[in-house]
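Below is one structure; the comments refer to it alone.
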Amino acid sequence: MPLVKGGKIAADAFVHVADDADLPGDGALLVSAARFLEDPEALLGRAGKTGVIWPNNRDVDDLVPYLDRLAVVALVFPTFRDGRAYSQARLLRERHGFKGELRATGQVLRDQFVFMLRAGFDSFEVKKESDAEAFAATAKRYSVFYQPTGDGRITALHRRMQLRHSESAGP
Amino acid sequence: MYAYDEIDRTLINERVSEFRDQVKRRLSGELTEDEFKSLRLMNGVYLQLHAYMFRVAIPYGTLSSEQMRRFAHVARRYDRGYGHFTTRQNIQFNWIKLAELPDALADLAEVGIHAMQTSGNCTRNITADQWAGVAPGEIEDPRIWAELLRQYSTLHPEFSFLPRKFKFAITASEHDRAAIKVHDIGLRLHRNAAGETGFEVLVGGGLGRTPFIGKTIKSFVPGRDLLSYVEAILRVYNQYGRRDNIYKARIKILVHELGIEKFAKEVEDEWLAMRDSALTLDDSDVEDIRSRFTYPAYEKLPHMPEELKKAAHDPHFEAWRKNSTFAHKVPGYAIVTVSLKPIGGPPGDATAEQMDAIADLADKYSFGELRVGHEQNLALPHVARRDLPALWRALDKIGLATPNVNLVTDIIACPGLDYCALANARSIPIAQELTRRFANHDTANLIGRLHVNISGCINACGHHHVGHIGILGVEKNGEEFYQITIGGRADEHAVVGTLIGPAVPYGDVADVVEDLVEAYLALRARPDELFIDTVKRLGVEPFRERVYATR
């Protein structure tokens, strides 16, 4: 499953550690929420970076105390039809100020990229190779956005106001 | 009319090219049918019994003559020469070929029409009172807010994969023509004690297999906070709405299971955390949208022009005028409802020729503007009263002057088993038979206002729960049977109808309706007591007795 990061296909520096596997002493790790919450301090105290795979039916509030020490939060789309992680993503970014990598995992398809980018995701475990390759082109598919989100793209409403002001400021 | 600018046009064109790419990937096999399904549904494309069905949005029920002509073009070029207006201010084409869909969408996009989110588990077409902007006594034009909501909900990055579909309706009149109480969110513009305008917000209404009347979640939300409050509701629903069972996934079930108080508290907590955000609408935002709605330059015209006095001698004209024309907020003008319920015809259908002709009439008599209502009729919203006789003659010529608005033959019906893959039973032939039974206008007029609603399955697209007489098709041992309810209504006094007894076979439905009508005529206290009021006064028992005494 290719990882798209920074807009292109990239190697995944994080190792997924199964719940019953021993923890390596260093290196970047991605662990389940259950494993993380068993002993967060032990994980965060390691030498390597830590990431958590957070299920879409668990309140992100439980993760808030650790956000500034987490390198990655991976949210889950069990199927692309299940959109709960979009809300989690926006809450993490916009309300709780999470600055680390926000990764989309599960059934991640090309047709969700724009939604995901707007919700604050910046890395993607993409299901199909062809979709991963199409990332850059697909991400540019839309140039108009009606809603304000934390991604900072200007909304249609505000673009109109700017256009109007620049017109009225003219000669 | 709202005029699209370059920004709106860019977005729908981008959507067309996205969909073109999706169709291409489906046809090449790169997308599985399961993956494609959600994508096509978000563009209003269903796979029906015989072909793909294509549902196109008419936001808040307003369209221009140019847009109507484009529907005629799509019907002719890509379909079989007709279209079907639905209960949610959409039009459906029933015979579209998948490979041609992107072209049909592109043709529509040229006139600012799209099919975005007319299906799928996302926010659907924002519907409104079809008389918005012209109804006497309206607080203000609710379409300004409907357009703000349309933009807000279009391709929403957080709410495009909700547990289930999500429908908004909005009204600014005391009398509710938009059926806001049977929508996921219903909005009623009103003035509070301090004289400010804002919204009563209702949540959790809906029909389907578990009908609920919407409950007030907040009695006053100022306009500036409308989008943030709606976002709070949607966020709570997106996270906590059920996804384990499609029949329990609508917000009405979440509201019911939590109780309105607890649900309202969840929403309030969420809202307080984000109400002062980029979603807050300042006056200039609202004014910008308002400024792009154009209104006719009405003339100062007499209420009783000579033309009207003269035509009053023609009983056919008078029957139509009394039935199909309504008071306008501007003196000298009328709102004209155009019945799409001809005797013997499928409710809500119009041919390409009729669409073109009515577009011409809109240009000639209604400042180029048309409306579509949830009753599946059209309206010409700004007709000078002096033009009514000429308009009537022209409508009559194209078969659109049936004077049966709000009468027993003005039936709301879903496409049913004639088209729909979900249906258990036929709807259209039942409607057609009923219109023949009550074809006599004097009889229908004597009966008075009576809404008959027919759904071909439990999904209730024909809104049978809220028909004064509701007819629901079910299947029993491979045969079509129909459950009959009475006493439902969809207006400001919305209530779900009561079942009168065991389901009856296909061949008996029209007889049962006749029995109900005869019982009503015998039971009503006065000639002006409506069917619905007689049922309310007496309950279903006398009607039940009448229907089942001989069955």
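Here are some notes:
- Only listed residue being modelled with pLDDT of 90 or more and under 21 Å from A:GLN107 (Cα atoms), chosen from B:LEU63, B:LEU41: B:LEU41
- Restricting B:PHE212, B:PHE159, B:PHE166 to residues that are in contact (Cβ under 8 Å) with a residue 24 or more places away in the chain and in contact with a His (Cβ under 8 Å, 6 or more places away or on another chain) narrows the list to B:PHE212.
- Flag: A:LEU92 matches the condition of being within 18 Å of the chain's Cα centre (by Cα), in a helix (DSSP H, G or I) and either within 11 Å of chain B (Cβ to nearest Cβ) or not aromatic (Phe, Trp, Tyr) (or both).
- Those residues of the stretch B:15-27 which are without any contact (Cβ under 8 Å) to a residue 40 or more places away in the chain and over 15 Å from B:GLN117 (Cβ atoms), in sequence order: B:SER17, B:ASP21, B:LYS24, B:ARG25
- Residue in the stretch B:28-42 that is within 25 Å of B:ALA146 (Cβ to Cβ) and in contact with a helix residue (DSSP H, G or I) (Cβ under 8 Å, 6 or more places away or on another chain) present: no
- For the stretch A:119-171, a tally of residues being touching a residue at least 60 places away in the same chain (Cβ under 8 Å) and facing another protein chain (nearest Cβ under 8 Å) returns 0.
- Yes/no for A:ASP111 being surrounded by 19 or more Cβ atoms within 10 Å (Cβ to Cβ), more than 8 Å from chain B (Cβ to nearest Cβ) and either part of a helix (DSSP H, G or I) or without any contact (Cβ under 8 Å) to a residue 40 or more places away in the chain (or both): no
- Answer residue from the stretch B:125-152, given it is among the small types (Gly, Ala, Ser) and over 20 Å from B:SER366 (Cα atoms) and is surrounded by the most Cβ atoms within 10 Å (Cβ to Cβ) among those: B:ALA146
- A count restricted to the stretch B:16-35 and to residues that are in a helix (DSSP H, G or I) and either facing chain A (nearest Cβ under 8 Å) or exposed (fewer than 13 other Cβ atoms within 10 Å of the Cβ) (or both) stands at 8.
- Pairs, first within 12 Å of B:LEU226 (Cβ to Cβ) and among the basic types (Lys, Arg) in the stretch B:273-286, second modelled with pLDDT of 90 or more and crowded, with 17+ Cβ neighbours inside 10 Å, C-beta under 9 Å, six or more apart: B:ARG275/B:ASP225; B:ARG275/B:SER228; B:ARG275/B:TYR229; B:ARG275/B:ALA232
- Where a residue in the stretch B:222-249 is not assigned by TED's automatic domain parsing to the domain that holds B:GLY204 and its partner, wherever it lies, is polar (S, T, N, Q) and at pLDDT below 95, with Cβ under 9 Å and at least six apart: none
- The set of residues from the stretch B:414-452 being under 19 Å from B:HIS84 (Cα atoms) and in contact with a Cys (Cβ under 9 Å, 6 or more places away or on another chain) comprises B:CYS414, B:PRO415, B:GLY416, B:LEU417, B:CYS420, B:LEU422, B:ALA423, B:ALA425, B:SER427, B:ILE428.
- In the stretch B:327-368, residue surrounded by the most Cβ atoms within 10 Å (Cβ to Cβ) [restricted to those that are within 22 Å of the chain's Cα centre (by Cα) and farther than 21 Å from B:PHE85 by Cα]: B:ALA334
- When we screen B:ASP8, B:ASP79 for residues that are within 14 Å of chain A (Cβ to nearest Cβ) and modelled with pLDDT of 90 or more, the only hit is B:ASP8.
- Matching residues in the stretch B:161-181 - criterion: being touching a Phe, Trp or Tyr at 6+ places or on another chain (Cβ under 8 Å) and buried (at least 22 other Cβ atoms within 10 Å of the Cβ): B:PHE161, B:LEU162, B:PRO163, B:PHE166, B:ILE170
- Residue within the stretch B:106-114 that is of a type in the set (A, V, I, L, M), surrounded by fewer than 20 Cβ atoms within 10 Å (Cβ to Cβ) and outside any loop (DSSP other than H, G, I, E, B) present: yes
- Within the stretch B:225-248, being of a type in the set (Val, Ile, Thr) and closer than 13 Å to B:VAL267 by Cα holds for B:VAL230, B:ILE233, B:VAL236.
- Boolean, A:PHE80 is assigned by TED's automatic domain parsing to the domain that holds A:LEU117 and within 22 Å of B:THR123 (Cβ to Cβ): yes
- Only one entry in B:LEU446, B:LEU450, B:LEU434 is closer than 22 Å to B:SER324 by Cβ and assigned to a loop (DSSP other than H, G, I, E, B), namely B:LEU450.
- The residues of the stretch A:64-99 that are within 17 Å of A:PHE14 (Cβ to Cβ) and crowded, with 19+ Cβ neighbours inside 10 Å, listed by number, are A:LEU70, A:VAL72, A:VAL73, A:ALA74, A:LEU75, A:VAL76, A:PHE98.
- Residue match in the stretch A:20-32 (condition: in contact with a His (Cβ under 6 Å, 6 or more places away or on another chain) and surrounded by 19 or more Cβ atoms within 10 Å (Cβ to Cβ)): yes
- In the stretch B:122-157, residue nearest to the other protein chains (Cβ to nearest Cβ) [restricted to those that are in contact with a Gly (Cβ under 8 Å, 6 or more places away or on another chain) and among the polar types (S, T, N, Q)]: B:THR127
- Selected residue [modelled with pLDDT under 95 and over 28 Å from B:THR171 (Cβ atoms)] from B:GLY478, B:GLY507, B:GLY539: B:GLY478
- Breaking point among (1) at pLDDT 95 or above; (2) within 21 Å of B:SER427 (Cβ to Cβ), for B:GLU110: (2)
The values are calculated or read from the model by the stated rules, or taken from the named source; none is laboratory data. Predicted model only: the values in this text are computed from it and were never measured. Every residue, glycine as well, gets a Cβ built from its backbone with ideal geometry; the counts of neighbours run over all protein chains shown.
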